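Novice: Supplied in structure tokens, the structure appears directly below.
Coordinate-derived values only; no laboratory data. Remember, predicted model here, so these are calculated numbers, not experimental data. Glycine also receives a Cβ, built like all others from the backbone with ideal geometry; neighbour counts cover every protein chain displayed.
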Amino acid sequence: MNGVPPQPPLLEVRGLAMHFPVSEGVLFSRRIGAVKAVDGVDFSIERGETLGLVGESGCGKTTTGRCILRLEKPTAGEVLFDGRDIGRMEREELTALRRRMQVIFQDPYSSLNPRMKVGDIIAEPIKVHSVQPNARRRRERVRELLAVCGLDPKFADRYPHEMSGGQRQRVGIARALALDPEFIVCDEAVSALDVSIQAQVVNLLEDLRGRFGLTYLFIAHDLSVVRHLCQRVAVMYLGRIVEMAASDELFDNPLHPYTQALLSAVPVPDPRIEARREFRPPKGEVPSPINPPSGCVFHPRCPIAVESCQDRRPALRELRPGHWVACSEVSCHPEPQARDLSMNAKDPSLRSG
């Protein structure tokens with residue numbers, strides 16, 4: 001022990017909830033319920049770490065990211081960035097915080113203004129935040145950012161429609177880097193790209209993390225990409241985190257029944273292994289977030305559910321060092337099939353390009 005106190009996490013999320021009201025009647029004046037998009041989420045992200053947030057569509061991943069960035073005001077809970085509660089910040093404090101937190105959006109076709117040249121798109125946040133008032137130095141900074149992101153600096157004079165999808169996403173990354181942020185939310189940042197281009201962009205994100213000391217919240221549904229890029233992974237289901245662990249630990253030893261089902265759906269490139277596998281999808285459909293099940297939200301579809309699961313909402317328990325599971329029925333020993341669920345999930349093609 002050297003006596004140096006441990007450094008606190010860069011980001012802490014405590015009891016985060018985001019409920020969107022559902023209304024009807026004249027001018028939608030009568031509230032009849034709420035969509036519980038996020039319903040009590042807790043996690044933290046260490047400095048320099050990449051946390052993957054995975055789950056099927058509609059589970060609340062993107063809403064969680066938007067609440068962290070204060071693009072949505074949460075219904076309840078706290079988001080602490082560098083020890084300060086974002087929800088209690090005044091407008092001036094929040095504006096200053098924007099320079100330290102950025103986002104890379106999912107769709108490179110709609111996230112860039114088609115009426116602006118690439119150079120102006122990247123320079124806009126620098127100008128808005130008065131980081132560099134000198135126009136010539138802003139142009140130099142734009143060319144530098146384009147080169148860092150693997151693009152020709154001459155692309156500054158192009159419009160977005162003159163570029164490919166992968167090139168546009170690199171522009172989005174350059175724009176996110178323009179203010180020298182510490183934390184970036186990658187919201188499905190590679191899901192709209194071809195597989196070969198995905199590999200290049202994922203490798204770029206990994207290189208930038210090491211080069212600039214960035215911290216990522218990587219929201220995705222492609223599990224092979226998540227395993228390649230992320231140090232830890234959190235699995236969401238119907239607005240709640242059901243399992244969280246180090247990346248290799250979660251893929252090799254999934255403990256929650258939903259995580260096991262999610263990983264078992266990943267196809268294996270080897271046809272001989274794929275032919276021997278048994279895929280047992282969860283029964284039924286995902287419940288509506290307007291009226292989620294009581295107790296454990298997964299219990300209507302869970303193969304190991306018992307009667308108490310209908311009444312008691314399980315808290316995250318640490319069943320192994322750093323391995324947290326929100327299920328009262330699982331032990332630290334995975335099912336025999338669990339070790340086969342992520343075979344070849346670490347796709348070697350991700351290192352190409």
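Novice: Pick from Arg31, Arg141, Arg158: which residue has the top mean-square fluctuation in a GNM of the chain where Cα pairs under 10 Å get a spring?
Specialist: Comparing Arg31, Arg141, Arg158 in a Gaussian network model of the chain, the most mobile one is Arg31.
Novice: Continuing with the same structure: Highest GNM mean-square fluctuation, the chain, Cα pairs closer than 10 Å: which of His228, His161, His19?
Specialist: Evaluated over the chain, the most mobile residue of the options is His161.
Novice: Turning to a different aspect of this structure: Quick one: if the Förster radius is 22 Å, what FRET efficiency do Glu92 and Ala315 give, using the C-beta to C-beta distance and rounding to 0.05?
Specialist: 0.05
Novice: Only counting other Cβ atoms within 10 Å, I'd like Thr95, Thr50, Thr259 sorted with the fewest neighbours first.
Specialist: Starting with the residue having the fewest Cβ neighbours, the order is Thr95, Thr50, Thr259.
Novice: Please name which of Met101, Leu205, Trp324 has its Cα lying farthest along the dipole of the chain towards the positive end, using unit charges on Cβ (Lys, Arg +1; Asp, Glu -1) and the Cα centre as origin.
Specialist: Met101
Novice: Mind ranking 21-30, 234-243 by how tightly packed they are, going by the mean number of other C-beta atoms within 10 angstrom, highest first?
Specialist: Descending mean neighbour count gives 234-243, 21-30.
Novice: Most mobile of Ile173, Ile184, Ile86 per a Gaussian network model of the chain (Cα springs, under 10 Å)?
Specialist: Top of the fluctuation ranking is Ile86.
Novice: What list of ³J(HN,Hα) values in whole Hz, one per residue of the range 275-287 in order, does the Karplus curve 6.51 cos²θ - 1.76 cosθ + 1.60 (θ = phi - 60°) give from phi, with Gly and Pro shown as x?
Specialist: Whole-Hz 3J(HN,Hα) from phi for the range 275-287: 5, 8, 6, 10, 9, 10, x, x, 6, x, 10, 5, x.
Novice: Now for a separate question. What is the sum of charges around Glu285, taking Lys and Arg as +1, Asp and Glu as -1, for the other residues whose C-beta is under 14 Å from the C-beta of Glu285?
Specialist: On the way: positive: Lys283, Arg301; negative: Glu56.
Once all neighbours under 14 Å are counted, the net charge is +1.
Novice: Charges on Cβ only, +1 for Lys and Arg, -1 for Asp and Glu, centred on the Cα centroid of the range 122-182; of Ser130, Gly166, Val148, which one is farthest towards the dipole's positive end?
Specialist: Going by the Cα projections, it comes out as Ser130.
Novice: Can you give the calculated 222 nm mean residue ellipticity of the chain, where each DSSP H run of n ≥ 4 adds -39,500 (n - 2.57) and the sum is split over every residue, rounded to the nearest 500 deg cm²/dmol?
Specialist: Taking each H run of at least 4 residues, the total per residue is -8000 deg cm²/dmol.
Novice: Compute the separation of the alpha-carbon centres of the range 203-248 and the range 254-333 and state it in Å as a whole number.
Specialist: Each part's Cα centre sits 20 Å from the other's.
Novice: Using a simple charge model, +1 on the beta-carbon of Lys and Arg, -1 on the beta-carbon of Asp and Glu, nothing else, what dipole does the chain show about its Cα centre, in debye to the nearest 20?
Specialist: In debye, rounded to 20, the chain gives about 1020.
Novice: Cα-based Rg (one decimal) and Dmax (whole number) for the range 207-326, in Å?
Specialist: Answer for the range 207-326, Rg first and Dmax second: 16.1, 51 Å.
Novice: Determine, from the Cβ-Cβ distance of His161 and Ser191 and an R0 of 25 Å, the FRET efficiency 1/(1 + (r/R0)^6), rounded to the nearest 0.05.
Specialist: Rounded to the nearest 0.05, the efficiency is 0.75.
Novice: Can you give the local net charge around Val54? Use residues other than it whose beta-carbon is closer than 14 angstrom to its beta-carbon, Lys and Arg +1, Asp and Glu -1.
Specialist: Counting the neighbours of Val54, the net charge comes to -1.
Novice: Sticking with this structure for a sec: Just checking my list (i) 42, 38, 20; (ii) 35, 23, 17; (iii) 35, 25, 21 against semi-axes √(5λ) of the Cα gyration tensor in Å computed from this structure; which label fits?
Specialist: Given (i) 42, 38, 20; (ii) 35, 23, 17; (iii) 35, 25, 21, the structure-derived one carries the label (iii).
Novice: For the ranges 111-124, 33-46, what's the packing order if you count other beta-carbon atoms within 10 Å of each residue, average per peptide, and put the highest first?
Specialist: On the way: 111-124: 18.3, 33-46: 20.0.
Per-residue mean Cβ counts within 10 Å order the peptides as 33-46, 111-124.
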